[in-house]
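To start, the structure under review is shown below, and the notes come after it.
The values are calculated or read from the model by the stated rules, or taken from the named source; none is laboratory data. None of these values were measured; they are calculated from a predicted model. Glycine also receives a Cβ, built like all others from the backbone with ideal geometry; neighbour counts cover every protein chain displayed.
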Amino acid sequence: DQQVKQNSPSLSVQEGRISILNCDYTNSMFDYFLWYKKYPAEGPTFLISISSIKDKNEDGRFTVFLNKSAKHLSLHIVPSQPGDSAVYFCAATIAQGGSEKLVFGKGTKLTVNP
Amino acid sequence: GAGVSQTPSNKVTEKGKYVELRCDPISGHTALYWYRQSLGQGPEFLIYFQGTGAADDSGLPNDRFFAVRPEGSVSTLKIQRTERGDSAVYLCASSLVGRPTEAFFGQGTRLTVV
């Protein structure tokens, strides 16, 4: 049962254009949603997060939008740069019964072409 | 150290052998997590420690997997009678308790069972 879904395994965009990565979720109990960036042979690195009570969070070139009624979030990268090429994971936090953990999607591989 | 350190970076073992994977968290981080990332998948939760105790081990796939954190710092993930299906990247992350959104990941240990 995949609680966090990233339905696009890959995305290719031109340098300077907008990259939009999408994520859907099923569990209404998630507290926060996060985006991680991962390069080969490295661990995931945190990019940006949004609380479940917000609908937008912006940090430089990165903006995350949350649509709770649709259980959907998206990450916008503007303008895209070749160094943004990586695998992006959508994740959600859940805290229940003394536990706290991240639930990840399968990832979307972003390629930004010069 | 400055970040989460995992050793070894790579481990090749024969089917049926025992392996230990080590995680050195960020100093002062009382929360520690183990995740497993199989090929083409996102990281999947294995176990969560608060201090020395495993607060949630619901993600461990079976009783061949065990993890300890005896002094509330370094953690060791132990896998007995390894199987080819155990091949994956094992990721460790640490954070302050109650701050899963601020978890930092290590680079992972790539385990290959042949």
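Things to note:
- Here B:Gln41, B:Gln6, B:Gln37 are screened, and the one residue that is free of Cβ contacts under 8 Å to residues at least 12 places away in the same chain, within 30 Å of A:Ser8 (Cβ to Cβ) and within 14 Å of chain A (Cβ to nearest Cβ) is B:Gln41.
- Hey, B:Lys78 outside any loop (DSSP other than H, G, I, E, B), of a type in the set (Lys, Arg), modelled with pLDDT of 95 or more and farther than 21 Å from A:Glu100 by Cα or not: yes
- Only a single criterion out of (1) out of contact with any Asp or Glu (no Cβ under 8 Å at 6 or more places or on another chain); (2) within 22 Å of B:Phe104 (Cβ to Cβ) is not satisfied by A:Ser51, namely (1).
- Residue in the stretch A:39-60 that is in contact (Cβ under 8 Å) with a residue 40 or more places away in the chain, within 10 Å of chain B (Cβ to nearest Cβ) and in contact with a helix residue (DSSP H, G or I) (Cβ under 8 Å, 6 or more places away or on another chain) present: no
- Residues in the stretch A:62-114 that are among the hydroxyl-bearing types (Ser, Thr, Tyr), under 17 Å from the mean Cα position of the chain (by Cα) and within 9 Å of another protein chain (Cβ to nearest Cβ): A:Thr93 only.
- Strands (runs of 3 or more DSSP E) within the stretch B:1-52 that include 2 or more residues at pLDDT 95 or above and surrounded by 18 or more Cβ atoms within 10 Å (Cβ to Cβ): B:19-24, B:31-37, B:44-50
- Only a single criterion out of (1) under 18 Å from A:Tyr32 (Cβ atoms); (2) loosely packed, with under 14 Cβ neighbours inside 10 Å is not satisfied by A:Ser74, namely (2).
- Scan of the stretch B:98-112 for residues that are in a strand (DSSP E or B) and more than 7 Å from every other protein chain (Cβ to nearest Cβ), ordered by number: B:Phe104, B:Thr109, B:Arg110, B:Leu111, B:Thr112
- Out of B:Ser58, B:Ser95, sole residue that is facing chain A (nearest Cβ under 10 Å), buried (at least 17 other Cβ atoms within 10 Å of the Cβ) and within 24 Å of A:Cys90 (Cβ to Cβ): B:Ser95
- Scanning the stretch A:63-114 for residues that are among the aliphatic types (A, V, I, L, M) and closer than 24 Å to B:Trp34 by Cβ yields a total of 8.
- Residue check, B:Asp56 touching a strand residue (DSSP E or B) at 6+ places or on another chain (Cβ under 7 Å) and modelled with pLDDT of 95 or more: no
- Meets criteria (in a loop (DSSP other than H, G, I, E, B) and either out of contact with any Pro (no Cβ under 6 Å at 6 or more places or on another chain) or more than 28 Å from B:Ala54 (Cα to Cα) (or both)) for A:Ser74: no
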